[in-house]
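The structure appears right after this line, and notes come after that.
Derivation of every value follows stated rules applied to the coordinates shown; laboratory data play no part. Just so you know, these numbers come straight off a predicted model, no measurement behind them. Neighbour counts run over all protein chains shown; Cβ positions are idealised from the backbone, glycine included.
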Amino acid sequence: MKRKGQYTIEYVNTPFIIGFASVVGKKEGEGPLNGYFDKVENDTKLGCQTWEQAESKMQSEAIDFALGKSWIDSKDIQVAFGGDLLNQCISTSYNIRNFGIPFLGQYGACSTMVQSLLLAGMMVESDYADKSLAVTSSHFCSAERQYRYPLEYGGQRTPTAQWTVTGSGAIVVGKGNNGIGIKHCTIGKVIDMGVTDINNMGSAMAPSACETIKAYLTDTNTQPSDYDLILTGDLGKIGSDLLLELLEKENIDISNQHNDCGKMIYDIEKQDVHAGGSGCGCCASVLCGKILQKMYKQELNNILVIATGALMSPTSNQQGESIPAIAHLVHLQNI
């Protein structure tokens, strides 16, 4: 690997995505991306006793699908990176214990999919691993219980609120000569613009996405038109609009290339999700569903994926703290 500019890393010996899979819940399966998921679960508890156990099981299913597509066994994975939204990342650690894979837990909030993927790529790039794994998830019910109100409370949601995606995505990274390669990554900085509204995370995260996109384009001396798609993680409708405004002030126009996982996974007009989707499973399930399938079919060939995360906790929110945010980027290209 080598540095490219100030913030971007180039993977010289390109690691490849050799397997990927997504598993989602009933609401996500009713959305416009239904045909792209490996499995749609109609039971919110997946036959388990709790929603937290269900989230772990959903991760496990995504990993099994990804391993199957890679034609390998879990023992062939030398390191796994992953996390989720719950305290101490319990969904991931309770899941990964069943696979016997060396594990490094991650917390980047909703940016965790890209954070895990760029690290999995680094392990393969540097020959520290032949094959690595990136996995993450979120669950609407478990996240609501931790961050907001019990579902039974039936609290009113503001128009800026986003719906936590029930979903999981898993990616196996390995060596190869062709396919979907990981070419660059940009590790984001924590940006805090003073937003305190827990129901307006799109506005809190948009500045971090702007900063990371600007840094990447500057470091690589590329233009938005060089890419088929510039995909943000879960800014939703409010955050996406704000991102375009912020980049316009920097003389960067991504409007022709941009889409957002939080806008794609639901039919915002029909599914009553207000500003769109969010959660670790949002970027994970869209990326490991529609986007990588389109790359595999060479309908997309050169893309940027920028996953955003709001780095707050229930405690910090109750104490009136603002919401710091981060955005990590990976550049994927068919080779």
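General observations
- Taking every DSSP beta bridge that has both ends in the chain, the antiparallel portion is near 65%.
- Here the 3J(HN,Hα) profile of segment 27-40, calculated from phi with Karplus coefficients 6.51, -1.76 and 1.60 at θ = phi - 60°, is 4, 5, x, 8, x, x, 9, 3, x, 9, 8, 6, 7, 10 Hz, Gly and Pro shown as x.
- Choice from GLN318, GLN115, GLN162 showing the highest fluctuation, given a GNM over the chain with Cα pairs closer than 10 Å: GLN318
- Put in order of Cβ neighbour count within 10 Å, fewest first, the listed residues MET312, MET193 become MET193, MET312.
- Distant-in-sequence amide H partners of LEU300 (H built 1.01 Å from N, under 5 Å): MET295
- Of LYS4/LYS183; LYS45/LYS69; LYS26/LYS270, pairs whose Cα-Cα distance is over 22 Å: LYS45/LYS69
- Amide H contacts under 5 Å for HIS258, placed H, 5+ residues apart: ILE230
- Within the chain, helices built from complete DSSP H runs that reach 18 Å or longer along their own axis (Cα positions) and carry a mean Kyte-Doolittle hydropathy of 0.5 or higher are 112-125.
- For ASP127, ASP226, order by how many other beta-carbon atoms lie within 10 Å, fewest first: ASP127, ASP226
- Of ASN199, ASN98, ASN178, the one that fluctuates the most in a GNM where the chain has Cα springs shorter than 10 Å: ASN98
- Kirkwood hydrodynamic radius of segment 13-174, from inverse mean 1/r over distinct Cα pairs, in Å: 16.0 Å
- Radius, Kirkwood style, for segment 234-335 when every pair of distinct Cα atoms is counted (Å): 15.2 Å
- In summary, the chain shows an alpha-carbon radius of gyration equal to 0.90 times the 2.2 N^0.38 Å reference for compact globular proteins.
- Mean residue ellipticity, 222 nm, helices only, the chain: the sum of -39500 (n - 2.57) across DSSP H runs of n ≥ 4, divided by residue count and rounded to 500, is -9500 deg cm²/dmol.
- Counted by neighbouring Cβ atoms within 10 Å, the residues LEU246, LEU86, LEU311 run from fewest to most as LEU246, LEU311, LEU86.
- Share, in percent, of DSSP beta bridges within segment 13-174 that are antiparallel, nearest 5: 60 percent
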